[in-house]
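Nothing in this text is a laboratory measurement; each read-out follows from the coordinates by a stated rule. Not measured: the values here are computed from a predicted model. Don't worry about glycine lacking a Cβ; one is built from the backbone with ideal geometry, like all the others, and counts go over all protein chains shown.
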Amino acid sequence: MKTSNQTIWIRLAIALMAAALLVSTASAQKPKRKKAEPVPPPAPTVTAEELKELSDAASKSRESLIAASNTYRESLQRLLTLQKQDKERAASIVEKNKKLLDLGVLAKKEVEESEQVLAASKTKSAETEKQLESIDQLVAEVEAAEELAKLPPPPTGEFRSSGVLVRFVGFSRWNLSDFGKVDAFYRLKFGKPLPVSAFGQTQTHNQLGFDHSNALDVAIHPDSAEGQALIEFLHGQGISFIAIRAAIHGSATGAHIHIGASSRRITPKQ
Ligand SMILES: [Zn+2]
């Protein structure tokens with residue numbers, strides 16, 4: 001299969017080269033046949049050293065955790081800037097290659113390859129954007145945990161509220177595999193999937209030393225219609241949750257609903 005495909009491409013390439021040669025010899029003053037633009041080099045990632053520093057700092061105190069999350073955020077923002085540049089470069093290469101294809105001087109395969117590079121760069125920057133969002137939510141959770149520590153724990157089946165957050169401890173034993181029934185409720189009610197921002201343990205939780213392995217974060221504001229309906233459902237099902245309206249200190253980012261027990265600090269891996 002592969003060999004016959006290759007043969008087809010080789011024949012096609014030879015035919016195109018021959019056609020190009022005819023065009024270029026027919027009018028000598030025309031520019032030479034252009035080559036496909038080179039594939040842009042991959043954007044550098046956050047270094048292992050940076051991540052190690054982050055883990056070490058996160059294991060010390062809340063202040064250093066916030067500082068570590070800021071460092072991590074800055075690293076990711078730098079990465080995102082580069083990834084966006086890559087994406088723009090890849091998009092302009094696709095455009096150029098398409099024009100060359102229309103002129104008959106470039107193989108379709110090369111256009112497809114540049115389109116694949118563009119799709120991959122889009123995926124990468126979307127992943128980084130998601131990671132940035134999860135940092136904001138994690139910081140909000142860390143601060144929420146401190147706020148909750150000041151309040152006596154609510155008796156099972158009751159709410160405890162501090163203004164910026166609401167905690168509910170339910171009768172049900174929550175397991176991450178129960179995700180399906182929450183998602184099913186949400187789809188039925190709102191006709192779209194549950195907007196999950198962190199499913200169990202994520203890279204961010206690992207880096208900042210938090211156990212989130214049995215918890216689920218939903219990126220909706222607790223005061224929105226969706227948030228209110230979800231809270232009502234979780235309450236009715238006896239599922240524990242923490243609804244966070246905002247990061248307590250400062251920014252308004254990080255509002256979400258955390259389903260499951262609250263996150264615990266873990267010792268980051270050395
Ligand atoms: Zn969470």
Could you work out how far apart the two model spin labels at residue 126 and residue 67 are, taking each label as a point 7 Å from the Cα in the direction of the beta carbon, and quote it in nm?
3.7 nm
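Just list whichever of 98/122; 122/181; 130/189; 96/192; 84/189; 122/192 have alpha carbons separated by over 29 Å in the model shown. The partial results should precede the final answer.
Working: 98/122 19 Å; 122/181 31 Å; 130/189 25 Å; 96/192 38 Å; 84/189 36 Å; 122/192 23 Å.
Too far apart for the 29 Å limit: 122/181; 96/192; 84/189.
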Translational D (Stokes-Einstein, µm²/s) of the range 144-265 at 20 °C and 1.002 mPa s when Rh comes from the Kirkwood sum over C-alpha pairs?
147 µm²/s
Given points 7 Å out from each Cα along the Cα-Cβ axis, report the residue 232 to residue 99 separation in nanometres with one decimal.
5.6 nm
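Rank the residues 182, 169 as a footprinting-exposure proxy: fewest other Cβ atoms within 10 Å of their Cβ go first.
Values: 182 22, 169 19.
Ranking 182, 169 by Cβ neighbours within 10 Å, fewest first, gives 169, 182.
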